[in-house]
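The values are calculated or read from the model by the stated rules, or taken from the named source; none is laboratory data. Bear in mind that the values here come from a model prediction, so they are computed numbers and not experimental data. Cβ placement follows ideal geometry from the backbone for every residue including glycine, while neighbour counts extend to all protein chains displayed. Keep in mind that these areas ignore ligands, DNA and RNA; they rest on the heavy atoms of the full protein, side chains included. Shrake-Rupley method; radii C 1.70, N 1.55, O 1.52, S 1.80 Å.
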Amino acid sequence: MGVKKIETKTFVRNKFAEYYQECSSNILSPPFIEKREFGFILFSERMMMLRHKNFKNIDTLRSFLKSTISSDVLYSSAYYEEPAAEMEEKGWLGADLIFDIDADHIPTSCPKTHNIWICNNCGATGKGITPTQCSSCKKQNFKEKTWFCELCLTSAKEETIKLIDFLMKDFGISTKEIKVAFSGHRGYHLHVNNEEIRGLDSLSRKEIVDYIRGIGLELSFHGLEKRRDRISPILSGSDSQDLGWRDRIAQGTYNFILTSSREKLEKIGLKKKITNLWINHREDLLRSWEKNKSLRHIQGLGIEKEREIIQQGVENQSAKIDTVVTTDVHRLIRLSNTLHGKTGFKKTDVSITDIDRFDPFKSAIVFKKGRVIIFVSDAPQFRLGDDIYGPYNNEEVELPTSAALLLLCKELARVKGET
Ligand SMILES: [Zn+2]
Ligand SMILES: [Zn+2]
């Protein structure tokens, strides 16, 4: 079989073009498409964004996608009188309530293993979170090569499930009004389409964010208060019928007591003696918390540490959503069933009832035919479908198109040829 030589960027663009030629009928209209602004990141001038586009119906959008090949397709959460006008003249009519859950905002241990930063000035490199300043040359200009793994996406999914629970139980939003999707890269998006919410301004949306993130909770409003040197329940007895944060604090603190390791307890500053007491009397502590919301079993804990432990309970229950995305009422967000320029995956809708079983590394894969020879500079091991690939280091490999495209989009490889 002959091998065609081809330039990487052209190769990726051609694959995206192929997708939009064959699959544009899968791209569905968001509600009130005629009132939305669309934005496109074009292949021709990478990072150049074409904004303020508007389409009267889904057919004109589909034709546009076939003729103008974009690496990313976005649309406004907002509705406008004149979506194609300049920002000040658009005439804002309202916006869907949207949430972004990105692995970036979830404290997992894996970025240490799969994210690399490179100093643009002196070339120093390191793993994990990018520093604010280069330790060698003191400059603040970095290139980042981030990866996303099973743990990243499983954590993002867990946060999404928590968010759904908040929206349904605490805000009374129905499943019909919620749409969840895998973003195609490091997380999940959630849209709430509800007429009453549509008109909320940025500040009101910030209130919703703070509630869901558990920011600024005042314990006395949630069944607990300071009494002498302890935190005690305002009412004793079972709170299992409670709603909102009162129930979440009870549950989250219970979970923390149940799962806290010695390392975690020492990290929040418990003394060795108290940590020992905690570990040896965990069962008693659980029972006492369940029955009367009391940490009294641990002698000498002190009110500050009690607060800290309850704060861990809040952390356990809060959903790690991105504040900026939800409070920005002009936000552009990726359209479902379009491709993500950093992965070649598609943004994929997820059924709420099936979210537990949703596998992004299976469902979001697009390019299932053909194989490509690429030269990989550096890539960690990853799974697509049932197959495991890598790790690769400065080597030439022949991969199925979907796996090759992922590494090419991530700028970890270049094309040698298509077989
Ligand atoms: Zn440097
Ligand atoms: Zn990860």
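Treating each Cα of the stretch 44-139 as an identical point scatterer and summing with the Debye formula, the log10 of I(q)/I(0) at q = 0.12, 0.14, 0.16, 0.24 Å⁻¹ comes to -0.73, -0.85, -0.91, -1.24. Per-residue packing, averaged as other Cβ atoms within 10 Å, sorts the ranges 118-125, 217-224, 345-352 into the order 345-352, 217-224, 118-125, beginning with the highest. Computed over the stretch 31-90, the quotient of the alpha carbon radius of gyration and 2.2 N^0.38 Å is 1.09. Full extension of the chain between Asn394 and Met87 gives 105.9 nm of extra length, using 0.36 nm per residue less the Cα-Cα distance. For the chain, Cys23, Cys110, Cys149, Cys152, Cys409 stand unpaired, since no other cysteine beta carbon lies under 4.7 Å from theirs. Based on alpha carbons, the Rg and Dmax found for the chain are 24.7, 81 Å. If I take every Cα pair under 8 Å that is 6 or more residues apart in the stretch 31-90, average their sequence separation and divide by the length, what percent do I get for the relative contact order? So the answer I get is 44 percent. Plainly put, the stretch 125-260 has a radius of gyration that is 1.07 times its Kirkwood radius, both from alpha-carbon atoms, as the Rg/Rh ratio.
How much accessible area per residue does the chain have, in Å², with a 1.4 Å probe?
50 Å²
Note the count of lysine pairs whose C-alpha atoms are less than 13 angstrom apart in the stretch 35-97, limited to pairs 8 or more residues apart or on different chains. Please report the intermediate quantities before stating the final value.
Numbers: Lys35/Lys53; Lys35/Lys56; Lys35/Lys90; Lys53/Lys90.
The number of close lysine pairs in the stretch 35-97 is 4.
Taking all C-alpha pairs of the stretch 82-192, those more than 24 Å from each other amount to 49 percent.
Per residue, the Cα convex hull of the stretch 361-419 amounts to 69 Å³. Counting only residues at least eight positions apart within a chain, or on another chain, the aspartates and glutamates with an alpha carbon under 15 Å from that of Lys264 are Glu306, Glu308, Glu315.
Give Lys162/Lys320; Lys112/Lys272; Lys179/Lys342; Lys15/Lys346 a once-over and call out the pairs whose C-alpha atoms are over 18 Å from each other. Don't skip to the answer; put the middle values down first.
Values: Lys162/Lys320 9 Å; Lys112/Lys272 28 Å; Lys179/Lys342 23 Å; Lys15/Lys346 13 Å.
Listed pairs above 18 Å: Lys112/Lys272; Lys179/Lys342.
Computed from the Cα positions only, the extents of the stretch 219-317 along the three principal axes stand at 35, 27, 21 Å, in decreasing order. The Cα atoms of the stretch 276-419 cover 70, 41, 28 Å along the three principal axes, with the biggest extent listed first.
Could you please state how large a percent of the accessible area of the stretch 222-312 is carbon and sulfur, counting protein chains only and using a 1.4 Å probe? Walk me through the numbers before you get to the answer.
Working: 2480 of 5380 Å².
Here it works out to 46 percent.
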